[in-house]
Amino acid sequence: MADPSSYRPKPGQIPDSPGVYRFRDDHRRVIYVGKAKSLRPRLSSYFQDLANLHPRTRTMVTTAASVEWTVVSTEVEALQLEYSWIKEYDPRFNVKYRDDKSYPYLAVTLNEEFPRVQVMRGAKKKGVRYFGPYGHAWAIRETVDLMLRVFPVRTCSAGVFKNAERTGRPCLLGYIGKCSAPCVGRVTPDEHRELAEEFCDFMAGRTGAYIRRLERRMTDAAEEMEYERAGRLRDDIGALRRAMEKSAVVLADATDADLIAVAEDELEAAVQIFHVRGGRVRGQRGWVTDKVEEVDTAGLVEDALQQLYGEESGDSVPKEVLVPALPEDQVATDALSQWLSERRGSQVSLRVPQRGDKKDLMATVGRNARQSLVLHKTKRASDLTTRSRALEEIAQALGLDSVPLRIECFDISHLQGDDVVASMVVFEDGLARKSEYRRFQIKGFEGQDDVRSMHEVIGRRFKRYLAEKERTGEWTEENEGSTALGENGENGENADDAADDTTGQIPAAPGENGHAGHLGTSSLKEDDGRPKRFAYPPQLVVVDGGRPQVAAAKRAMDELGIDDVAVCGLAKRLEEVWLPDDDDPVVLPRSSEGLYLLQRVRDEAHRFAITYQRAKRAKRIRTSPLDDVPGLGETRKQALIKHFGSVKKLRQATIEQICEVPGLGRKTAESVAVALAGTAPAAPAVNTATGEIMEDDGGSTHD
């Protein structure tokens, strides 16, 4: 733990102007980002007596090793820069609202030639129109089923659509009138897109005018004695009204607003949001966060607005945002309103409702927020107090000097000695940090040897750490001569497949050079605070296994001179914790929060390793002899298989016959013939029910 006074800026060094500041730890990683209308009083508040600080703030300032700032001209600029830095650095101590579930949206894929209506979760995609979020996917499907009668938009997958195009027969929905069947040409692409846009308009709240238009058409059909058409229109109107009834009318028809409420205690806060479009509640979502510092309701609302609308634009930002509290400073409120208006492209009203229906609905949102906080408190893994207790129990059981804020766990996975891989998962403050997961291929030897594999993986991980220390100037005299670091670009490490890539480079913000603390400018130029691969050491390494695996991990670290990282192993059979050089394991109580956390870390490492191993095995099984032919891309491979029908028939062809395939010259044809001649044909497949030998259709074979 660092002493905040060791990096406290000198008196008069901090400017008295708006700006954004960053706290960094001793590895130059940004751990907190904040903004202030005046940097001097805000930063000074962090360097008071530790006993007077909020518990999480106290942990943050003692974890940090330096602070720096960037001066801006307006509070709007500070808001924008703060949001971009939080997204870029993912600081561990910043307020992060975590959805308590993955909410489903009703999506219309307007980016396709024939737009499709479907349920979607996860990150939003460009060119797709979203409605919601909804509490349950079945609620979306019921609404869509009613509306397809009036707006028969495609709902099928790409595979079903292509199959219908090929056979010339639509799916069941096409036959019963709930799809306009663009797959068989019943409507043109323009006509189908018009249907999709009308569907979107109705879902966006423009319902009254469309229903009145249908009522006029129904009346005209009845007057013309076209009773069947009038009856269909009547049923269509009924279906739309039933769909509308699923969304409660809460405000005036023209109201487009988001209502945000906050429930909080000393350590955590819950946020609930109701999305009102066309006067109806179209979606609801909730967030929960740990409070990092002594922040009021207005501050929590500001963080929620940043995370809710930071990636949105256009109509995704409503005309009106209703909140429970606003900053006391009118300048800060105006800056928030201006930022929202820039996201939308037109004026956005940001205010606290004072009376009437909007105030009543805000009370309902507040009750939901309070209930959400109560439910969250019962979730064991997300409780800050529980996580802190788990880390303290681990430190006490393993005899550590301090709680292990960063834990790394390693696991080995293989299938009978083939496709041997390893995983590294990272937990910080008791929570998984998936952006820093890593995976390895075992390349030092062939065959099955978990102990030797663990030794190799631990060695490679900490070689990279030592290389980073040397590169950034943290290399000390004690480290010199302890081991060779190896070449840069240690083979076998692969970045994980998590959705957020944290290694992209962006230009530095204006005024970046203004900084305080004890770090030199050369360090600032080399390290920008973004999370880097293998750059930060854990306080605890956990290996999946017992005494042999722990001994192998400890030996690998001793060979590299790493003596400040604790090691333990968790054996699956009896859930015993093994320490190096101990003859007997440490047995934690079954009800221990520390054991529960170690089990979660171990199980996550196992899941990540076996997922990678299965992917490698599947890729190996799908390989073809044509993969190794130089200059033969995927398009020409497919052309060869299409021309000859299978790899077996291609293997029997002459060079002249291969040259007949469009796009293949004689040199490539010779390479294909040589490659196929050098591989033994796969054993014929046999139908076990009939004994029939199946022909090789050969797009893929086993090596």
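The values are calculated or read from the model by the stated rules, or taken from the named source; none is laboratory data. All of these numbers come straight from a predicted model, not from anything done at the bench. As a convention, Cβ positions derive from the backbone with ideal geometry for all residues, glycine included, and neighbour counts pool all protein chains shown. Areas reflect the complete protein model, heavy atoms only, side chains present, ligands, DNA and RNA absent. Shrake-Rupley method; radii C 1.70, N 1.55, O 1.52, S 1.80 Å.
Descriptive notes on the structure:
- Shown here are the Rg and Dmax of the Cα trace of the range 301-397, at 18.5, 59 Å.
- Phi to ³J(HN,Hα) by Karplus 6.51 cos²θ - 1.76 cosθ + 1.60 over the range 171-186, Hz, x for Gly, Pro: 6, 4, 4, x, 6, 9, x, 9, 8, 6, 6, x, 5, 10, x, 5
- Surface composition of the range 626-674: carbon and sulfur make up 52 percent of the accessible area, probe 1.4 Å.
- Entries in Lys434/Lys463; Lys126/Lys443; Lys463/Lys616 that, when Cα-Cα distance is taken, lie over 32 Å: Lys126/Lys443
- For Asp26, distant residues with modelled amide H under 5 Å away: Ala65
- Long-range HN-HN contacts of Val281 with modeled amide H, under 5 Å: Ala248, Val250
- Charge tally in the Cβ shell below 12 Å around Leu664, where Lys, Arg are +1 and Asp, Glu are -1, Leu664 excluded: +1
- The accessible surface of the range 110-189, taken with every protein chain in place and a 1.4 Å probe, is 54 percent carbon and sulfur.
- Average silhouette area of the range 570-622, convex hull of alpha-carbon atoms, in square nanometres: 4.9 nm²
- Coarse-grained scattering of the range 1-85 at q = 0.21 Å⁻¹, given as base-10 log I(q)/I(0) from a Debye sum over alpha-carbon atoms: -1.00
- Each of the peptides 21-30, 182-191 was scored by the mean count of other Cβ atoms within 10 Å over its residues; in descending order, highest first, they stand as 21-30, 182-191.
- The range 631-671 - Rg and Dmax from Cα coordinates, angstrom: 9.0, 22
- Sorting the segments 160-172, 316-328, 36-48 by their mean number of nearby beta carbons within 10 angstrom, highest to lowest, gives 316-328, 36-48, 160-172.
- Neighbourhood net charge (11 Å Cβ-Cβ; Lys/Arg +1, Asp/Glu -1) for Lys124: +2
- An ellipsoid equivalent to the range 411-450, defined through the eigenvalues of its Cα gyration tensor, has semi-axes of 26, 9, 7 Å when rounded to whole angstrom and sorted largest first.
- Computed in the context of the full set of protein chains, the accessible area of the range 394-473 at 1.4 Å probe radius has 39% of its extent on carbon or sulfur.
- Couplings 3J(HN,Hα) for the range 657-665, derived from phi with the Karplus relation 6.51 cos²θ - 1.76 cosθ + 1.60 (θ = phi - 60°), are 5, 5, 5, 6, 5, x, x, 10, x Hz, where x marks Gly and Pro.
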